[in-house]
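Inspection log for the structure reproduced underneath, given as structure tokens.
The values are calculated or read from the model by the stated rules, or taken from the named source; none is laboratory data. Fair warning: this is a prediction, and the values are worked out from it, not measured in the lab. Note that each Cβ is placed from the backbone with ideal geometry, even for glycine, and that neighbours are counted across all protein chains shown.
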2 protein chains.
Amino acid sequence: MTDVVVIPRATISRLPVYFRVLMELSHMEVSLVSSDELAARSGVSSSQLRKDLSYFGEFGIRGAGYDVGFLLQKIREILGIHREWRLVIAGAGKLGTALARYSGFAQHGLEVAALFDIDPGKQGKMTGKIPVLPMEDLTGFVQEHDIQIGVITVPAQAAQGVADLMVRAGLKGIWNFAPVRIEVPDDVIVQYEDLVVGLLTLSHHLSRRMR
Amino acid sequence: MTDVVVIPRATISRLPVYFRVLMELSHMEVSLVSSDELAARSGVSSSQLRKDLSYFGEFGIRGAGYDVGFLLQKIREILGIHREWRLVIAGAGKLGTALARYSGFAQHGLEVAALFDIDPGKQGKMTGKIPVLPMEDLTGFVQEHDIQIGVITVPAQAAQGVADLMVRAGLKGIWNFAPVRIEVPDDVIVQYEDLVVGLLTLSHHLSRRMR
């Protein structure tokens, strides 16, 4: 019944690490791995690893460890990467283009199909193999190319307008990097990404140590 | 005894939102705010807000709400932004320069002092007011300019070398965007930032809805 389990973000944040380690093991043709080894390679404690994986049912083979291929498949399913997701990015500035070039996405079945910008100077260019298109073409593009997720990297004051455009285009998932809350209908999921949070978390821990 | 409380990342992730809302109220010369209003403006439930703030002791004034100035000061302290932090960024690619230009940092007392890159073609340029310097100057720069935090945006295969350089330079906090574990001494804190995690969290929730 994995579809009634809501997995904590902290656990989800470790799944890509496990996934990457398992992919490496798979490339090395290792088919079974102990929880101790998988934990050590992932940089977490064995108890943390077992707790994280316990959300997804019984994975381990008692006494033999985890089946690498089976575990890879389960993590793929949990993360929704047993299927492909196609994204568009609104905002072809530094952050938008950095995301478009980010090699980690393809590896997880996430494909950036196009960037959109209001600046005619940016339109028509390519970021790698990804075109930069006029913002007004977003709706048509989303509908023609079976896009599910929109990424917002425009300035804060433009974010709500872009979100409205994405909702009208039929996108059901929005990943918002603009440092502002956006209003969307209930059937649209917004994931906020504030780049400052990681740094504030770090400074919080640093300042506790430095007292 | 706030220094023995370890605040959950989920709570910390909401503090910058509260902080931003409180800053707006402060600019509007509002000095008291109810938990309902602060919650609504922050996009969380009142019970979530009260739970988050309860980690930091008794903030509310019964019947009157929260004192905006006092709450701002407490959040500043908790996040370690009652003091300034100075950062250097290793890697002057798209992501490094996007971070250097990110306006959210200055607002939290986080100052990017310089970017470093091994590419002579990038060295000598400016990202806004921030210089791009040769990587071999990092150690001297960190020691001369009282830098506490290093940010890694170089490719995965170069990350450990850069981390070693940062540790030798005396940095005690590293914010790592490279999708790879790095080894550091126990007195150095590493915060991992994997850009794919937010997107995988979103796709996890989307795929549950779309089943």
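Given segment B:106-211, what strands (runs of 3 or more DSSP E) lie entirely inside it while holding 3 or more residues that are more than 9 Å from every other protein chain (Cβ to nearest Cβ) and either closer than 30 Å to A:Arg76 by Cα or not small (Gly, Ala, Ser) (or both)?
On the way: elements: B:110-117, B:130-134, B:149-152, B:173-176, B:189-192.
Where strands (runs of 3 or more DSSP E) fall fully within segment B:106-211 and carry at least 3 residues being more than 9 Å from every other protein chain (Cβ to nearest Cβ) and either closer than 30 Å to A:Arg76 by Cα or not small (Gly, Ala, Ser) (or both), they are B:110-117, B:130-134.
Do you know which of the residues in segment A:22-42 that are crowded, with 16+ Cβ neighbours inside 10 Å and modelled with pLDDT of 80 or more is nearest to A:Leu72 (Cα to Cα)? Spell out how you get there, then give the answer.
Step one: of segment A:22-42, the residues crowded, with 16+ Cβ neighbours inside 10 Å are A:22, A:25, A:33, A:35, A:37-39, A:41-42.
If we keep only those that are modelled with pLDDT of 80 or more too, we end up with A:22, A:25, A:33, A:35, A:37-39.
Working: A:Leu22: 7, A:Leu25: 10, A:Val33: 12, A:Ser35: 14, A:Glu37: 16, A:Leu38: 12, A:Ala39: 15 Å.
Applying the filter and picking the extreme gives A:Leu22.
Tell me the residue from B:Gly128, B:Gly150 that is under 14 Å from B:Val188 (Cα atoms) and within 22 Å of the chain's Cα centre (by Cα), please.
Values: B:Gly128 fails: under 14 Å from B:Val188 (Cα atoms).
So the residue among B:Gly128, B:Gly150 that is under 14 Å from B:Val188 (Cα atoms) and within 22 Å of the chain's Cα centre (by Cα) is B:Gly150.
Checking the condition at negative phi and either among the acidic types (Asp, Glu) or surrounded by fewer than 20 Cβ atoms within 10 Å (Cβ to Cβ) (or both), which residue from B:Asp146, B:Asp194 passes?
Values: B:Asp146 fails: at negative phi.
Only one candidate passes the filter, namely B:Asp194.
Just checking, which of A:Leu99, A:Leu95 is farther than 22 Å from A:Asp52 by Cα, within 11 Å of chain B (Cβ to nearest Cβ), over 14 Å from the mean Cα position of the chain (by Cα) and buried (at least 22 other Cβ atoms within 10 Å of the Cβ)?
Details: A:Leu99 fails: over 14 Å from the mean Cα position of the chain (by Cα).
Only one candidate passes the filter, namely A:Leu95.
Pick out the one residue from B:Pro185, B:Pro179 that is assigned by TED's automatic domain parsing to the domain that holds B:Leu99 and either at positive phi or surrounded by fewer than 18 Cβ atoms within 10 Å (Cβ to Cβ) (or both). Break it down stepwise before answering.
Numbers: B:Pro179 fails: either at positive phi or surrounded by fewer than 18 Cβ atoms within 10 Å (Cβ to Cβ) (or both).
The unique qualifying residue is B:Pro185.
Does B:Ile152 satisfy being modelled with pLDDT of 95 or more, touching a Lys or Arg at 6+ places or on another chain (Cβ under 8 Å) and crowded, with 17+ Cβ neighbours inside 10 Å? Step through it out loud before you land on a result.
On the way: modelled with pLDDT of 95 or more: yes; touching a Lys or Arg at 6+ places or on another chain (Cβ under 8 Å): no; crowded, with 17+ Cβ neighbours inside 10 Å: yes.
When the stated conditions are applied, B:Ile152 does not pass them.
Say we look at segment B:66-88 and pick out the residues that are surrounded by 22 or more Cβ atoms within 10 Å (Cβ to Cβ) and more than 11 Å from every other protein chain (Cβ to nearest Cβ); which of these is farthest from the chain's Cα centre (by Cα)?
Per the stated criteria, the residue is B:Tyr66.
Please give the number of the condition B:Gly65 fails out of (1) outside the structural domain of B:Val180 (by TED's automatic domain parsing); (2) on the phi < 0 side of the Ramachandran plot.
(2)
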